[in-house]
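Structure, as structure tokens:
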Amino acid sequence: MKDSGLSVRGGIALLLVWVLLLGANGPGPCQTLDWSKKALQTERSRSYDALHYRIVLRLDLDRKTFEGETTVSFSALLDDLETIVLDAEEFRVSKVLADWGESLHFEQTSTELRVHLREPLRRGETRSFTCFYSGTDPKVGLKFVEASARNPQIAFSDSFPNHVHHWFPCFDYPSDKATGELIATVKSGLKVVSNGRLISVIENEAAGTATYHWSQDKPHSTYLVFFAVGPYVVVRDTYKTLPVNYWVYPQDVDKAGPTYGKTPHIMAFFEKLFGVDYPWQKYDQISVVSGGGAESTSATAMTHNIMVDSKHEAEFSAEWIVAHELAHHWWGDLVTLRSWAHTWINESFATYSEYLYSAAENGSDEGDLNLLQKLNQYLREAKTRYIRPIVTERYDQPGDMFDGHTYPKGARVLHMLRNLLGDEAFFATLRHFLAEHAFRPVDTNDFINSVKEVTGQNLAWFFDQWLYKPGHPVFEVRSEWLADRKVVRMQVSQAQDFAQGVPVHHMPVTIGLYFPQGRVSKQVWIRAKEESFEFAAESKPDFVRFDVGNVLLKELNHPRDEDELRAQLKADDAVGRMEAAALLSGLKDSDEALRAVVDSALSDPFWAVRRTSIEALRRFPGGRTLAPLQRACLDSNSFVRAAALAALGDRRDRELGSFFRERFEKDESDLAKAEALRALGKTGDAGHIPFLKEIAAAPSFRNLLGNAAQQALNLLGSANVKGAKSGATEDLGSRASLSTSRSVSVSELGVWGSR
């Protein structure tokens, strides 16, 4: 929803090791919050149906003030309706006029505006009235941003999840959808963007103002009402006949294409996948100063921090967030969660859409890596903070629900559902759900009914354990080949902590027996806490995999010996090879384990496996890893090179200083250059200080090199004070840089990424 920082794929290797070392005790001891203690919420009732909001604003960016006139058109849902209650906060209402111009009596509290109608309405009768009000720099909902070296002076609505009523009076809850208009008057030279279609722009030369009139003629929830004001440059694109525009700061015009240029391509992908044409009048993506991405109908606010030039696009691509926000125009905008208990309908589907696009665009290995990242993001929250049902009416504030359960866990649940139903039935269900409930609020039961209607399957058991109950299975797996019987026996136990309502899960799982001639796959159903299975095998498998394809959302402890891990490192899928490399790192005294990991680090076909293997090499004796790590610094992939430089830097060897200087000069990647600089700092050699000071003072993309040089200088200062050649405090910057890759991780962006 809101994003506050940038991180990328490279942290996968470290995260995988972290998850593997968690153990099999399940969530519990490290948790800091008991979710069951949160308040019990219910869906808000309504006495009227808002039909249309006409919002007229006059904005003064210098004074950070706004004056508004909002006309609310509505239909009574009850007989004898006498009073309309609107959410209204931080602005002051001066008067309310009926549609015929007569003043209406009203009272305003700190959170509400109560308007008394001239006469009671019968159910179905429609009326409208206009509220006149003014406000100054509200705490939430509307941001006035002063000019800085990085951004011009702008203002923009920041309404999610329930803050829109801080700048216009409305029913601020997602269950009510209405059409709308926004008519904003601003200083000449500024542009205004909002939802829907631009009706007109009227310049008033005498007053020095411009008035923009936008119309949204399809109903949407109030939190999706958006506008932004600033000296934007509009870079125009199209998809078919649909306007697709990129509203950027003047200094970022050349970055619009590298940052947003794939938008039409992604839109075409989602249209085909979801079976529903893009449902809105246009699509704008607008630079603002905060957050990561926040979708609204036909317009998405994007942090300007994602802007990337063509040189750095491969390493800092914004396509994941473009895909996530664009997916919301089906999942969240076309169909919208009825209450905050059902946030997964917005966020899990948009997060899974990231994966769907990644796998289709970049290949299955990248897709599998994306899913692994989502699993690790959820497990980190489950192990260190709390567990909760994905669908729950317990939360203190709506924002509580936008977390590692709603985003990555929900996405992984959808992946399991897809595996259970099969692709044809799964995507047919999505298309049916979107078409059946277009422009309407929905809840989880609506989706469950779509599954039944399309597939005929009653999957109440699946949704009960994955959506309505907390936690996840923690599997203890033991497998052995019984030569006398020529079978592989597998024992499976669920070892999760059941104290917080975590169920014994039941599910299908694919077991893989890997032989020199190929894999034999067997599907079994797990239905109990303890299970035992036997599979015929004429010879001992090279290794056995539990959950081929990495489908299940789980923790797993499955001991394998060194021979099995080395075979897995050669023959498994990418995620399995990463797992094997991480586990082999625990066998630091084994020559064969070292050779296997070195070979993987230098020759595995997938960059993330090579990177994980480099991480594994950190745990082996340093004298035997120097040469392979230096070779890895010449890898074709910059993330692998950066990992190798970071590993070499941790050796704190003065003799490597010239090597690091050489790599800085010759490598074209700023990520690798930054690691070379940090490595120089770890050498403890003060002779590099003048060079590092020069780099620290020079401009670079996102100041990657300047920051790295300063970190190196800090390390050298510490090392020299201590008079030590090595042993200075480890530079956390190098570790942080290892979480840098071509796609930004939603979990690292403050509150789980984009709306």
remark   = In degrees, nearest 10, the alpha-carbon axis of helix 657-666 is tilted away from the dominant principal axis of the alpha carbons of the chain by 50
key: Within segment 53-77: backbone nitrogen closer than 13 Å to the Ala207 label point (7 Å, Cα to C-beta)   = 56-60, 67-69
message = Can you tell me the orientation of helix 574-584 relative to the chain, as the angle in degrees between its alpha-carbon axis and the longest Cα principal axis, to the nearest 10?
response = 50
ask   = Once you sort the root eigenvalues of the Cα gyration tensor of segment 171-257 as a ≥ b ≥ c, which label holds: rounded (a/c under 1.5), prolate (a/b larger than b/c) or oblate (the other case)?
value = oblate
request  = Multiply the residue separation of Ala268 and Ser636 by 0.36 nm, subtract the distance between their alpha-carbon atoms, and state the gained length in nm to one decimal.
outcome  = 129.3 nm
ask   = What ranking do 373-383, 120-130 get when scored by the average of other Cβ atoms within 10 Å per residue, highest first?
value = 373-383, 120-130
message = Compute the helix-to-body angle for 591-603: its Cα long axis versus the longest principal axis of the chain, expressed 0 to 90° and rounded to tens.
response = 50
note = Expressed as a whole-number percentage, the relative contact order of segment 500-654 with C-alpha contacts under 8 angstrom and at least six residues apart is 14
inquiry  = Given the options Gly649, Phe639, Leu113, identify the residue whose Cα lies farthest towards the positive end of the charge dipole of the chain (+1 on Cβ of Lys, Arg; -1 on Cβ of Asp, Glu).
reply    = Gly649
key: Structure-derived Kirkwood radius over Cα pairs in Å: which label, when the choices are [x] 28.9; [y] 29.7; [z] 28.2   = [z]
message = I need the shape label for segment 426-581. Rule: rounded when a/c is under 1.5, else prolate if a/b > b/c, else oblate, with a, b, c from the alpha carbon gyration tensor.
response = prolate
ask   = Which of Val253, Trp344, Ile55 sits closest to the plus end of the dipole of the chain, meaning its Cα is farthest towards the positive end, when Lys and Arg get +1 and Asp and Glu get -1 on the C-beta?
value = Val253
Accessible area of segment 586-687 divided out per residue, in Å², using a probe of 1.4 angstrom = 37
Residue-normalised accessible area of segment 172-267, given per residue in Å² at a 1.4 Å probe = 38
key: Accessible area of segment 399-471 belonging to carbon and sulfur atoms, whole % at 1.4 Å probe   = 43
ask   = If packing is taken as the mean number of other Cβ atoms within 10 Å per residue, what is the order of 293-299, 596-602, highest first?
value = 293-299, 596-602
task = Label segment 613-664 by shape, choosing from rounded, prolate and oblate, from the square roots a ≥ b ≥ c of the eigenvalues of the Cα gyration tensor; if a/c is under 1.5 it is rounded, and otherwise prolate applies when a/b is larger than b/c, oblate when it is not.
result = oblate
remark   = Between the residues Val193, Gly586, Phe433, the Cα farthest towards the positive end of the dipole of the chain, that dipole coming from +1 and -1 charges on the beta-carbon of Lys, Arg, Asp and Glu, is from Gly586
task = Note down the magnitude of the dipole of the chain about its Cα centre, charges +1 on Lys and Arg C-beta and -1 on Asp and Glu C-beta and zero elsewhere, to the nearest 20 debye.
result = 1340
task = Hey, could you grab the Kirkwood Rh for segment 306-441? Inverse mean 1/r over distinct alpha carbon pairs, Å, one decimal.
result = 15.9
ask   = Taking every eigenvalue of the Cα gyration tensor of segment 105-176, multiplying by 5 and rooting it, what semi-axes result, largest first, whole Å?
value = 33, 14, 10
note = Answer check: segment 472-545, Cα atoms, Kirkwood Rh, Rg/Rh ratio of 1.04
inquiry  = Please compare each pair in Lys143/Lys409; Lys143/Lys177; Lys255/Lys311; Lys240/Lys311 to a cut-off of 22 Å on the Cα-Cα distance and tell me which ones are over it.
reply    = Lys143/Lys409; Lys143/Lys177; Lys240/Lys311
query = Taking only C-alpha pairs under 8 Å that are 6+ residues apart, what is the relative contact order of the chain in percent?
reply = 14
message = With a cut-off of 8 Å between alpha carbons and a minimum separation of six or more residues, what is the relative contact order of segment 584-645 in percent?
response = 31
inquiry  = Can you give me the distance in nm between label points at Asn703 and Phe691, each placed 7 Å from the Cα along the Cα-to-Cβ direction?
reply    = 2.4
remark   = Ranked output for segments 637-645, 553-561 by mean other Cβ atoms within 10 Å, highest leading, reads 637-645, 553-561
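The values are calculated or read from the model by the stated rules, or taken from the named source; none is laboratory data. Computed from a predicted model, the values in this text were never measured in an experiment. Here the Cβ is made from the backbone with ideal geometry for all residues, glycine too, and neighbour counts use every protein chain on show. Areas reflect the complete protein model, heavy atoms only, side chains present, ligands, DNA and RNA absent. Shrake-Rupley method; radii C 1.70, N 1.55, O 1.52, S 1.80 Å.
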